[in-house]
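Below: the structure, in structure tokens.
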Amino acid sequence: MKRRAFLAGAAAAAVSVPLTSSAVPQLPPMPDTSGPGLKAHAARSGRRYGCAIKSSQMQSDPALTAAIVREAGVIVQEWELKRNATQQRPDRFDFSGADKLIAFAQKNGMAARGHTLVWYAANPKWLDAAMRTSPRRRQEGLLGGYITAAMRRYAGKITEWDVVNEAIEPKEGRPDGMRAKTIWGEALGEGYIDLAFHLARDADPTARRFLTDYGLEHTSRRCEQRRTAILKLLERLLARGVPVQALGVQGHLKPFQEGFDERVFANFLDEVRGMGLKIAITEFDLADRGGPLDIDQRDAEVAAVGRAFLDVALDNPAVGSVLTWGLSDRYSWLSTYEGYRWPDGELSRGLPLDSNFRRKRLWAAIAQAFDHAPRAEAELPVPGLPA
Ligand code: G3I
């Protein structure tokens, strides 16, 4: 596949001939958005497409549920398997939210990812305190007990787990780029990752075990530092025999704030594949703040970057599942997050369907990227069979 540097919007203007006010770029024609859902497009190259869901949204919005059934072949919990949701009290787990989502997936013939077993965020306050004050054995139990309970509960139903999420953070200044402010690392050192993956393999050897992170996609110094840190971490883990099987590239793009170069991203994915790892795009969306105020123009630029990003990702045979972090702009974290939301309260337009569940240009870009993708080698885990 021809690889080219890609910059959206204002960044593109900086690279190519600066746009004058009269030379508004011509809008590409509205693409065809009819036909089967994205899951059908993904299946053509042996992949899965899906999205994150919150059980609360599904319960209150049948239109969302219908759209998910139409488009998604795999789902992931946006909230329900985080410890703030499952373990408000030390002595019991509450999997009721995740049970609803897994039952929905099973009923509709969908696979499911599990997000997430070990994260520095979304932990209940009692857990933060316990990890800071308990003896090591209890600390290890607080880490491992959840992994074992959750993975055994959903064995054969959740086929891919984000075992450890967002373990790096170069901004925090450690020479190795690891996240310093995390109860897990502060208590157990980097070995918390080793322990998590070994326990995950013991709990459900049929599920594919992911290390996941964000900020691996753009050409910015931020992303360059993050790619370096995650590659070095993966090298250390594999050298120690840690049973990590795959890297989850979250794919939260910021097309109007940071550049994208297909060659840079492709080289990174090639390096991950070269380690013998599988890859998934686990939280794809595009923060459109800073883009053109004209919605059609902004949609077109968002779709163009989304297509360029997925063309690279899907050109790598190790890439299996691609999930967006939500399906409709009606429910996107981008519209609530300080750094990305529009000041006037307008919804972000970073997902495949608009707030009325109509397919957008981005939907067509995702469908076309799947349609043009070479076949995946990433034999996707099948519910109930060894990964
Ligand atoms: O469910 C409770 C509700 O009972 C309570 O009344 C309300 C008031 O605080 O909070 C509700 O929980 C919220 C939860 O989403 C469910 O809606 C949490 O406050 C809120 O912090 C949580 O935000 C989620 C965030 O992760 C933190 O868990 C976002 O929706 C979700 O999109 C975001 O997803 C993360 C990924 O897990 C990791 N990668 C980055 C991504 C975006 O930040």
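Laboratory data are not the source of any read-out in this text; all were calculated from the coordinates shown. For clarity, every value in this text was computed on a predicted model and none was experimentally measured. Here the Cβ is made from the backbone with ideal geometry for all residues, glycine too, and neighbour counts use every protein chain on show.
Couple of notes before you dig in:
- Selection among Val74, Thr282, Trp161 by position relative to the dipole of the chain gives Trp161 as farthest towards the positive end (Cβ unit charges, Cα centre).
- Estimated FRET transfer efficiency when R0 is 22 angstrom, pair Asp91-Thr206 (beta carbons, to 0.05): 0.15
- Take the Cα of Ile295, step 7 Å toward its Cβ, do the same at Arg240, and the gap between the two points is 5.0 nm.
- A simple packing score, the average count of other Cβ atoms within 10 Å per residue, orders the peptides 76-88, 317-329 as 317-329, 76-88, with the highest score first.
- In this structure, Val69 and Ala121 have a Cβ-Cβ separation that, at R0 = 22 Å, corresponds to a calculated FRET efficiency of about 0.15.
- DSSP bridge pairs, the chain: antiparallel proportion in percent, nearest 5: 15
- What the Cβ-Cβ distance of Thr148 and Thr336 gives, at R0 = 30 Å and to the nearest 0.05, is a FRET efficiency of 0.35.
- Taking the empirical scaling 2.2 N^0.38 Å for compact globular proteins as reference, the stretch 97-224 has a Cα radius of gyration ratio of 1.14.
- Taking amide H positions as modeled 1.01 Å from N, with prolines and chain starts lacking one, the residues under 5 Å from Phe284 and 5 or more places away or on another chain are Leu323, Thr324, Trp325.
- Across all directions, the average flat footprint of the convex hull enclosing the Cα atoms of the chain is 18.7 nm².
- Cross-link partners of Lys39 among aspartates and glutamates (Cα-Cα below 12 Å; sequence separation of 8 or more within a chain): Glu71, Asp371
- The phi torsions of the stretch 151-159, fed into the Karplus equation with coefficients 6.51, -1.76 and 1.60 and a -60° offset, translate into couplings of 5, 5, 4, 10, 4, x, 10, 9, 9 Hz, rounded to whole numbers, with Gly and Pro shown as x.
- Residues in the stretch 36-41 carry Karplus couplings, in order, of x, x, 4, 4, 6, 5 Hz; the curve used is 6.51 cos²θ - 1.76 cosθ + 1.60 with θ = phi - 60°, and Gly or Pro positions show x.
- Nonlocal amide H pairs with Ile168, under 5 Å, H built at 1.01 Å: Arg179
- The stretch 257-266 - phi-based ³J(HN,Hα) in whole Hz, Karplus 6.51/-1.76/1.60, Gly and Pro as x: 10, 9, x, 10, 10, 4, 5, 4, 5, 5
- Computed label-point distance, nm, for sites Val382 and Asn356 using a 7 Å Cα→Cβ extension: 4.3
- Charge sum, other residues only, whose C-beta stays under 14 Å from Gln87's C-beta, Lys/Arg counted +1 and Asp/Glu -1: +2
- Checked against a 23 Å cut-off, the cross-linked pairs Lys181/Lys278; Lys82/Lys232; Lys107/Lys278; Lys54/Lys82 give Cα-Cα distances beyond that limit for Lys181/Lys278; Lys82/Lys232; Lys107/Lys278.
- Multiplying the residue separation of Asp176 and Met275 by 0.36 nm and subtracting their alpha-carbon distance yields 33.7 nm.
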